[in-house]
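Have a look at the structure below before the remarks.
The values are calculated or read from the model by the stated rules, or taken from the named source; none is laboratory data. What you see is a predicted model, and the numbers here were worked out from it, not measured in a lab. Positions of Cβ are generated from backbone atoms using ideal geometry, with glycine treated the same way; all protein chains shown enter the neighbour counts. For accessibility, only protein heavy atoms count, side chains too; no ligands or nucleic acids. Shrake-Rupley method; radii C 1.70, N 1.55, O 1.52, S 1.80 Å.
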Amino acid sequence: MTAPSLSKLFDLSGKVAVITGGAGIIGTAVSRGLTAHGADVAVVDIDGQGAEKLAGEIAEEYGVKAIGIKCDVFSPPSVAKMVDSVCDGLGGIHILLNNAATKKSDLNEFFAPFEDYKLETWREIMSVNIDGMFLVAQAVGRKMIEQGTGGSIIQTASIYGLCGPDQRIYEDSEYLGRQINTPAAYAASKAAVNGLTVHLATYCADQGIRVNTLVPGGVESEQYDTFQKAYSERTPMGRMAERNEMVGAFVYLASEASSYVTGQKIVVDGGWTAW
């Protein structure tokens with residue numbers, strides 16, 4: 001590979017990226033990051049207005065094509081409509097950031113102790129965090145195969161899909177007046193993401209489609225000071241991540257810089273899982 005080619009390893013010009021959960025904390029940063037490297041983007045989110053607003057800002061700031069699409073990722077018709085809209089509006093799909101996740105609207109039920117956890121709450125979390133990821137990967141993967149151009153699928157998991165939470169960091173930590181924790185439903189759904197990734201990596205490899213998992217540690221997002229302090233003290237680097245610190249890993253996995261990388265977990269956690 002020549003020096004000019006090496007200098008373009010991270011260039012995403014001519015590529016179309018779909019980011020589910022695109023208007024969220026990580027999704028917003030990555031949507032901007034991919035466009036900064038030349039990609040056209042579809043910001044996909046349950047919050048359709050938020051997705052359209054961000055897409056408009058991106059198109060103006062970076063001079064790329066960007067569209068915002070409302071999508072319920074756990075609804076097969078909604079996912080199919082989203083894929084058609086992206087292809088009609090942007091001409092195809094080359095990159096998928098399979099990133100959408102949820103918390104139950106009733107936070108008392110979401111943060112309930114394991115022994116009291118309701119099955120319907122468990123299923124609600126799973127319907128988005130893993131069922132939705134399956135549906136989007138299936139629909140976009142099918143489109144990538146039809147295009148015959150290969151692609152990169154990046155699925156967002158969590159350190160809690162790799163290791164159990166340290167319960168001590170939640171002592172005296174509240175959110176909107178209630179004690180917080182990491183529910184088993186969330187942890188199990190994120191562990192399932194890793195299983196889906198390695199399956200798809202081997203299944204899709206002969207089609208030129210790479211599938212990897214990005215595993216973030218805790219990202220600062222206006223959590224209470226008590227929690228931020230406890231989390232930071234538990235982390236080798238002594239702090240939570242800033243959302244932009246996830247962007248580089250996503251760009252790497254989306255680009256030709258990672259052309260021989262598939263079925264892998266890229267952990268960005270400030271050393272949390274290295275203890």
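Quick notes on this structure:
- Using C-alpha pairs below 8 Å separated by at least 6 residues, the relative contact order for region 1-99 is 30 percent.
- Of the trypsin sites (Lys or Arg not before Pro) found in region 176-275, the ones in coil according to DSSP and having at most 15 other Cβ atoms within 10 Å of their Cβ are R239.
- Mean separation of Cα contacts under 8 Å (6+ apart) over length of the chain, as relative contact order %: 18
- Loop-exposed GluC sites (Glu not before Pro) per DSSP, neighbour cap 15 Cβ within 10 angstrom, longest uninterrupted part of the chain: 1-170
- Computed from backbone phi, the HN-Hα couplings of region 239-245 come to 6, 7, 6, 8, 4, 5, 6 Hz, rounded to whole numbers (Karplus: 6.51 cos²θ - 1.76 cosθ + 1.60, θ = phi - 60°; Gly and Pro given as x).
- Test item: Cα-centred dipole of the chain, Lys/Arg +1 and Asp/Glu -1 on Cβ, debye: 640
- Within the accessible area of the chain, the carbon and sulfur atoms contribute 52%, probe 1.4 Å, all protein chains present.
- Both numbers refer to the Cα atoms of the chain; Rg and Dmax are 18.4, 60 Å.
- Cα-based Rg / Dmax (Å) for region 1-160: 16.9, 60
- K65, K143, ranked by accessible area, largest first (probe 1.4 Å): K65, K143
- Per residue, the accessible area of the chain comes to 47 Å², computed with a 1.4 Å probe over protein heavy atoms only.
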